[in-house]
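The values are calculated or read from the model by the stated rules, or taken from the named source; none is laboratory data. The structure displayed is predicted, hence computed values, not measured ones. A quick note on method: Cβ atoms are made from the backbone with ideal geometry, for glycine too, and the neighbour counts reach across all protein chains shown.
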Amino acid sequence: MRTAARRAVLTVVAASIGLAGTAEAAPKSSKNRDVTAPQTTITAQPADSTTSTSASLSFSSNEPGSFECKLDAAAFAPCTSPQGYSSLAVGSHTFQVRAKDQAGNVDATPASYTWQVAAPAPPPPPPPSGTVIVPASIPSDCSVYVQDKLSVFFKGVPDGSTVEFPAGGCYKTNLRVEIVRKSDLTIRGNGSWIKSDAENTARTTYNADGSIKRYAVQPTVMILHGDNVRVDGLNVEGNFHLTGPRSQQRVNQASTEGEAGATTQANAGYGVFGGRGIWIRDLTTRHVFGDGVQVSHSGIVDWLSPNAHPTDVHIERVTAYKTARMCFAPTQVDGYHLIDSNASDCWYGAFDAEADGPGDTIRDVHVVGNTFRDYGMFAVWAPVATGNGGAGNIEVRDNVIATRPDYVCNQMVLVGAYPGNPEFFTNVTVDDNTFLERSGIAVQMDHVSLGSIQHNQDANYIEAGCRFPAATPFAEVTNSTDVAVADNLPSALGAGVAPAP
């Protein structure tokens, strides 16, 4: 009996000593055990409302460990960041994610995000029946001027037609091509070019034989009072080839002094004046003295009819470059979409949306998925009071924006009222853009009510001799209410901070 007791004691001692003869660590006290749950944060998510049926969400935790995700009514399941979804149904979706640390503690308050998948916008109307071929009697090799022959041709095209240009044709003119009061018209340019060397100033010449020669007033191709008009693949080229320092003052000086390459220019590439439901797609406009694509009220070119603002204008996959003024210039619009397009070498500005006077509107403007490079101005603004508060629902999203550091030293994107104009822009979003080569404030909002400057990438900063203070901010918001500025990711230089002078 005594021997058995002794063996029992020896067994207990051996278990506590270990084979190597060293004492093993005693079990940890419950006082030192990790019982704190981790905190989960969603760091990237879809837009609040989108037509995309796919989504990607990123998330993080303040402790190492794993994650569990769920979408809508599904159960939590293991996941990693980013978590992707596809084939989402139209409607509301709620994503939740919770972190689990290495001690097994689970976040009891999962991070959550809800967004809407909206039904996609209806596609452009199908091409109407009836095809009209541009006649061979209008020379298509740029060997001679076609003058007003294209305008006369379009005047005779019935509504509801599809106009077919020859593939790769070339039409030389110093008159504008007029497409006036047409409905349900589709124009397929098939890569053809309208090449203009019209003079910059409006002028009418009455010739000895009684003929009248009208020089271009604003655009090379004018769409006036159109209703459901689509232009695809019909390119425009002027002959603006001015060299030297890039500035609007330089352009004005060259034009005034009669410098070659400045005074013999068409004033714009495309011009849309009034109308409803206009599509300009898959084409190039370049080397024009004025704007690449101008959209404005009909009163600019039509004094005989009631002034009308354009509505529901779509500029898609258009390249505009080497323009003397703006690459894209909508003014007084109600429904404007600039999508997946490119602007570069815009001597004055890449994009300028304005409400210029009482009764004017600048509403429902969407600038999404574009690339803007080498420009001096990007603005959505009201230089004077509109008198009706007609400025709002502005979206600038998913663009690549790179100013020209050897030209301009101001904000890269301006949204708001001109100094002295007390009216407010409402519902303004400048989110998810990438800013390159900025030489000042990236985004400035003034007189904005309900705005967002979030999730932008600040990729680079080039001071360009502007001598901004070393702490130039990424965004500046003045005279505004309810504007959120958050999650604008910095470059290696810091959060929107310029290098020291």
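Computed values, structure above
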| quantity | calculated |
| --- | --- |
| Hits in the range 301-324 (condition: without any contact (Cβ under 8 Å) to a residue 40 or more places away in the chain and in contact with a Cys (Cβ under 8 Å, 6 or more places away or on another chain)) | Tyr321 |
| Exclusive hit being surrounded by fewer than 18 Cβ atoms within 10 Å (Cβ to Cβ), out of contact with any Asp or Glu (no Cβ under 6 Å at 6 or more places or on another chain), among the aliphatic types (A, V, I, L, M) and modelled with pLDDT of 80 or more, set Ala484, Ala475 | Ala484 |
| Criterion violated by Glu68 - all others in (1) at pLDDT below 95; (2) more than 34 Å from the chain's Cα centre (by Cα) satisfied | (1) |
| Any hit, the range 31-54, residues being at pLDDT below 95 and part of a helix (DSSP H, G or I) | yes |
| Leading residue by the ranking (farthest from Trp279 (Cα to Cα)) among those in the range 300-346 that are assigned to a strand (DSSP E or B) and of a type in the set (Lys, Arg) | Lys322 |
| Matching residues in the range 187-201 - criterion: being at negative phi, at pLDDT 95 or above and not small (Gly, Ala, Ser) | Ile187, Arg188, Trp193, Ile194 |
| Residue match in the range 296-319 (condition: surrounded by fewer than 22 Cβ atoms within 10 Å (Cβ to Cβ), in contact with a helix residue (DSSP H, G or I) (Cβ under 6 Å, 6 or more places away or on another chain) and aliphatic (A, V, I, L, M)) | yes |
| Residues satisfying the stated conditions in the range 162-174, i.e. surrounded by 19 or more Cβ atoms within 10 Å (Cβ to Cβ) and either at pLDDT 95 or above or under 32 Å from the mean Cα position of the chain (by Cα) (or both) | Val163, Phe165, Gly169, Tyr171 |
| Residue among Lys100, Lys149 that is among the charged types (D, E, K, R), in the same structural domain as Asp282 (by TED's automatic domain parsing) and at negative phi | Lys149 |
| Selected residue (only one of Val144, Val117 is in contact (Cβ under 8 Å) with a residue 24 or more places away in the chain, surrounded by 15 or more Cβ atoms within 10 Å (Cβ to Cβ) and aliphatic (A, V, I, L, M)) | Val117 |
